[in-house]
Amino acid sequence: MSALLQVRGLTRRFGGNLAVDGIDFDVRAGELLALIGPNGAGKSTTFNMINGQLGATSGSVRFKGQEILGLPSHKVARLGVGRSFQIAATFASLTVLQNVQMALIASQRRVFSYFSRADDYAPEQAIALLEQVGMAQQAGQPCADLAYGDVKRLELAMSLAGDPQLLLMDEPTAGMAPGERNALVSLVKRIVRERNMGVLFTEHSMDVVFDHADRIIVLARGRLIAEGGAAEIRSHPEVRQVYFGSDAGLDYENSPGVDDDGL
């Protein structure tokens with residue numbers, strides 16, 4: 001698998017606080033890469049620098065060979081980097097189909113006049129996206145009436161509206177029951193394979209990480225301390241020390257949550 005994203009020496013200081021400390025990693029086409037770590041590790045700061053929402057102190061972020069560090073988020077998105085957030089960003093007053101149509105309008109930078117109807121725009125393309133996430137039959141349903149798991153699937157369809165080659169997902173299963181979150185990440189993994197895209201995601205649920213991620217990278221105090229498959233990460237001595245303060249094994253079903261960084 002080729003590298004879609006190459007992160008080298010990425011660093012961010014907040015005053016005297018070194019939030020991200022010269023980290024290196026790649027995201028490859030066709031893979032689901034998990035970024036985990038305890039609270040304050042630097043995960044959200046890393047996401048925000050890659051996405052263009054936060055400037056870096058130093059380093060390089062190259063997407064498909066092009067330097068994107070320092071570009072504003074809308075320009076990063078236009079190059080093919082999508083993002084979903086921990087809190088679902090949907091329009092409760094619109095139908096499922098209209099939500100996807102609005103995402104298509106935004107991604108294609110369409111401007112509508114007072115007399116235009118946004119819900120006439122690209123309905124076939126919007127339905128095709130809903131079919132990918134298993135929600136075509138709910139196209140006419142108001143978003144406000146959806147169960148939370150369906151809202152997250154709708155958000156995934158909206159994230160795909162810009163046809164991203166790399167998707168950044170910040171806590172995609174936050175607030176979901178175990179069955180729902182595993183179903184959602186299984187769906188994401190299938191789409192990753194079908195589209196040969198890359199996904200970098202943060203996640204507090206270790207069952208999701210160890211069951212679904214192709215590779216895992218671990219941050220602690222802004223440093224990248226481990227990288228590898230599930231078995232390697234579970235047995236890594238520094239990872240065990242960071243999570244538990246001892247050399248106990250990493251019990252992913254009972255591991256402490258790492259919901260956000262606070263950075």
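The values are calculated or read from the model by the stated rules, or taken from the named source; none is laboratory data. Because the structure is a prediction, the values reported are computed rather than measured. Every residue, glycine as well, gets a Cβ built from its backbone with ideal geometry; the counts of neighbours run over all protein chains shown.
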Could you please let me know if ARG8 is more than 25 Å from VAL151 (Cα to Cα), at pLDDT 90 or above and surrounded by fewer than 17 Cβ atoms within 10 Å (Cβ to Cβ)?
yes
State all residues of the stretch 7-28 that are of a type in the set (Asp, Glu) and farther than 26 Å from ASN196 by Cα; if no residue qualifies, say none.
ASP21
What are the residues in the stretch 123-176 that are out of contact with any strand residue (DSSP E or B) (no Cβ under 7 Å at 6 or more places or on another chain), within 22 Å of LEU33 (Cβ to Cβ) and among the acidic types (Asp, Glu), if any?
ASP163
Conditions (1) under 26 Å from ARG234 (Cβ atoms); (2) out of contact with any helix residue (DSSP H, G or I) (no Cβ under 6 Å at 6 or more places or on another chain); (3) part of a loop (DSSP other than H, G, I, E, B): number failed by PRO164:
(1)
Looking at the structure I just gave you, is ARG83 over 22 Å from SER186 (Cα atoms) and part of a strand (DSSP E or B)?
no
Out of the stretch 17-37, which residues are surrounded by 19 or more Cβ atoms within 10 Å (Cβ to Cβ) and either at pLDDT below 95 or part of a strand (DSSP E or B) (or both)?
ALA19, VAL20, ILE23, PHE25, ASP26, VAL27, LEU32, LEU33, ALA34, LEU35, ILE36, GLY37
Would you check if there is a residue in the stretch 170-178 being of a type in the set (Ser, Thr, Tyr), free of Cβ contacts under 8 Å to residues at least 12 places away in the same chain and not in a strand (DSSP E or B)?
no
So, first residue acidic (Asp, Glu) in the stretch 190-206, second residue part of a strand (DSSP E or B), Cβ within less than 8 Å, six or more apart or across chains; the pairs are GLU203/ALA34; GLU203/ILE36
What's the number of the condition ASP247 fails, among (1) closer than 24 Å to LEU146 by Cβ; (2) at pLDDT below 90; (3) out of contact with any strand residue (DSSP E or B) (no Cβ under 8 Å at 6 or more places or on another chain); (4) acidic (Asp, Glu)?
(1)
Applying the selection to the stretch 128-169, what residues are closer than 15 Å to LEU94 by Cα, surrounded by fewer than 17 Cβ atoms within 10 Å (Cβ to Cβ) and touching a residue at least 24 places away in the same chain (Cβ under 8 Å)?
GLY140, GLN141, PRO142, ALA144
Extreme residue, surrounded by the fewest Cβ atoms within 10 Å (Cβ to Cβ), among residues of the stretch 42-63 that are part of a loop (DSSP other than H, G, I, E, B) and within 18 Å of the chain's Cα centre (by Cα):
GLN53
